[in-house]
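Written out below as structure tokens is the structure these notes cover.
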Amino acid sequence: MNRRDFLKSTAMLGAALSLPSMLAAGTGKRPEIKTSDAANGGSGLSKLPVRTLGTGKAAFPVSALGFGVMGMTYNRSSHPDRKQCIRLLHEAVDRGVTLFDTAIIYGPLTNELLAGEALSQFKDKISVTTKFGHEVVNGKGTGRQDSRPATIRRYCEESLKRLRLDALPMFYQHRFDRNVPVEEVAGTVGELIREGKVLRWGMCEVSAGTIRKAHAVCPLTAIQSEYHLMHRDVEKNGVLDTCRELGIGFVPYRPINRGFLGGDINEYTRFDPENDNRQTLPRFTPEAIRANTRIVNVLQNFGRTRGMTSAQVALGWLLQKAPWIVPIPGTTKLSHLEENLHTLDFTCTPAEWLELENAVAAIPVTGGRYNAEQQRQVGH
Ligand SMILES: NC(=O)c1ccc[n+]([C@@H]2O[C@H](COP(=O)([O-])OP(=O)(O)OC[C@H]3O[C@@H](n4cnc5c(N)ncnc54)[C@H](OP(=O)(O)O)[C@@H]3O)[C@@H](O)[C@H]2O)c1
């Protein structure tokens, strides 16, 4: 038995072991899992359940859980070397993940380069989504936004090269640009779609009003915003309701709250000042971490009687919110990848999820998710 077969068989054993707790805790029925070769390119690779982001011409069938590539080069302290990261990305493809998420600003550029090197060989089976908007000059982020039509076109050509693709499966506007009307951005991406350089598009962290204006010009496949048990703004600001009404998918980024809900971070955790923005964030000061650990404890207690880890509870809660929601957790570890994917083996009743939600909501979250400058860039 080679290593890959060994890993597959242990993964299957893990799933089998988790089954009794799932049946005992939940509805007693395994969720109906629909698989489709569309999300795996008919590759015969191991299958995950499929979800569809967007509708009509904008529809995008993908694995129910995606993979956020960002932390493999950017903002998550130390990471394994390139070879190890490529190996892990291949393991994710092997396990049926078909949605990988990167952006020009991650690195900058290094993350797209890694994704291109690791994943372009699977381009008929999987999709790598990327994002434009943050200005990058000579390989460095300037902190400004640039979504002018000519820049979008140039970034598209450069991303195609770095990702080694003929067409971008999906191109998101990373942050709203106050200097460029959203209709102009949508029109430019619409032209790129007609030219075959981009297949679908999305926007990140925008308001319900902006979503409506953009969608009217060029149908959106997905909105990507932060969403998890410690940050539920999209439930209140109309974004999720608008996605539901217009048939747009939703991709919750940072679904484990930058690792916090996984339970491996405590007040003594030190983040690398050279490569980790968590040390600049109000929610990641030692005091905030100490206070917010009570929330992780709620997830751990919920998981304990159901055989789930807190990361699985965090991801499972998002998945049950709507069938058009596809979280994109990031990891640098095979064990975490497998743990995260095994979330799909568990099911709990709506009443159980509500109990969890209420228990978490009873604990105030300490510290904002962003510093003042980052906060200024969202919600337009
Ligand atoms: N559109 C936007 O504006 C935007 C902004 C930020 C991020 N994103 C996207 O969202 C993706 C995910 O975001 P993220 O990486 O910030 O946050 P995340 O997925 O919530 O958390 C990632 C962190 O959690 C840890 N982790 C993963 N699985 C775990 C598990 N089972 N148990 C314990 N810890 C676990 C990882 O560490 P290990 O490596 O040790 O597993 C990593 O440090 C990014 O890759 C990026 O593609 C988009």
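For region 145-237, with equal point scatterers placed on the C-alpha atoms only and solvent neglected, what are the log10 I(q)/I(0) values from the Debye formula at q = 0.16, 0.19 1/Å, to two decimals?
Computed log10 I(q)/I(0) values: -0.65, -0.87.
Through the Karplus equation 6.51 cos²θ - 1.76 cosθ + 1.60, θ set to phi - 60°, convert the phi angles of region 100-112 into ³J(HN,Hα) values in whole Hz; use x for Gly and Pro.
Coupling constants for region 100-112: 10, 10, 9, 6, 4, 6, 6, x, x, 6, 4, 6, 5 Hz.
In what sequence, highest mean first, do 307-320, 167-180 appear when ranked by Cβ atoms within 10 angstrom? Write down the numbers at each step before the final one.
Numbers: 307-320: 23.5, 167-180: 21.4.
Highest mean packing first, the order is 307-320, 167-180.
222 nm [θ] for the chain, helices only, -39500 (n - 2.57) per DSSP H run of 4+, per residue, to 500? Walk me through the numbers on the way to the answer.
Working: 13 runs with 150 residues, N = 380.
That calculation yields -12000 deg cm²/dmol at 222 nm.
³J(HN,Hα) across region 233-246 via Karplus (A = 6.51, B = -1.76, C = 1.60, θ = phi - 60°), whole Hz, x for Gly/Pro?
Per residue, the Karplus-derived 3J(HN,Hα) values read 4, 5, 6, 9, 8, x, 5, 5, 4, 5, 4, 4, 5, 8 Hz.
Rounded to the nearest 20 debye, what is the charge dipole size of the chain about its Cα centre when +1 sits on each Lys and Arg Cβ and -1 on each Asp and Glu Cβ?
It comes to approximately 240 debye.
Mind jotting down the distance between the C-alpha centroids of region 69-128 and region 155-216, whole Å?
What the calculation gives is 21 Å, centre to centre.
What ³J(HN,Hα) values, in whole Hz, does the Karplus curve 6.51 cos²θ - 1.76 cosθ + 1.60 give for region 322-336 when θ = phi - 60°, with x put for Gly and Pro?
Per residue, the Karplus-derived 3J(HN,Hα) values read 5, x, 9, 10, 10, x, 10, x, x, 7, 10, 10, 4, 4, 6 Hz.
Considering the dipole of the chain built from charges on the beta carbon (Lys and Arg +1, Asp and Glu -1) around the Cα centre, which of Met70, Ser147, Asn301 is farthest to its positive end?
Positive-end residue among those listed: Met70.
Can you tell me what share of the DSSP beta bridges in the chain is antiparallel? A percent to the nearest 5 is fine. Numbers along the way, then the final one.
Numbers: 8 of 31 bridges.
In the chain, DSSP labels about 25 percent of beta bridges as antiparallel.
So if R0 is 45 Å, what FRET efficiency would His380 and Arg304 give, r being the distance between their Cβ atoms, rounded to the nearest 0.05?
On the way: r = 41 Å, r/R0 = 0.92.
So the FRET efficiency works out to roughly 0.60.
With a 10 Å radius around each residue's Cβ, average the other Cβ atoms per peptide and rank 356-364, 204-212, highest first. Don't skip to the answer; put the middle values down first.
Working: 356-364: 14.4, 204-212: 19.1.
Peptide ranking by packing, descending: 204-212, 356-364.
What relative contact order, as a whole-number percentage, does region 17-376 give when Cα pairs under 8 Å and 6 or more residues apart are counted? Can you show the working numbers first?
Working: 662 pairs, mean separation 73.5, N = 360.
Result for region 17-376 is 20 percent.
Can you list residues from other chains, or at least 5 along the same chain, whose modelled amide H is less than 5 Å from the amide H of Asp272?
Those lying under 5 Å, H to H, from Asp272 are Ser77, Ser78.
On average, how much area does the Cα convex hull of the chain cover when viewed from any direction, in nm²?
Numbers: hull surface 70.7 nm².
The Cα convex hull of the chain, projected and averaged over all directions, gives 17.7 nm².
At a 10 angstrom cut-off on C-beta neighbours, averaged per residue, how do the peptides 89-96, 280-287 rank from highest to lowest?
On the way: 89-96: 20.4, 280-287: 15.9.
In decreasing order of mean packing, 89-96, 280-287 become 89-96, 280-287.
Counting other beta carbons within 10 Å of each residue's own, what order do Val298, Val69, Val365 fall into, fewest first? Spell out each step's value before the answer.
On the way: Val298 21, Val69 28, Val365 18.
Lowest to highest Cβ neighbour count: Val365, Val298, Val69.
Cut-off is 10 Å between beta-carbons; in what order do Leu192, Leu53, Leu240 appear when sorted fewest neighbours first?
Details: Leu192 21, Leu53 29, Leu240 24.
Fewest-to-most Cβ neighbours within 10 Å comes out as Leu192, Leu240, Leu53.
Taking the convex hull of the Cα atoms, report for region 249-351 its projected area averaged over all directions, in nm². Kindly include the intermediate steps, with their values, before the conclusion.
Working: hull surface 29.3 nm².
One quarter of the hull surface, i.e. the mean projection, equals 7.3 nm².
Charges at C-beta only: +1 for Lys and Arg, -1 for Asp and Glu. How large is the resulting dipole of region 127-233 about its Cα centre, in Debye rounded to 20?
On the way: 17 positive and 13 negative charges, 32 e Å.
Computed about the Cα centre, the dipole is about 160 debye.
Values in this text are rule-based calculations from the coordinates and carry no lab data. Small disclaimer: the values here were computed from a predicted structure and weren't measured. Because the Cβ atoms are built from the backbone with ideal geometry, glycine has one as well, and the counts that use them run over all protein chains shown.
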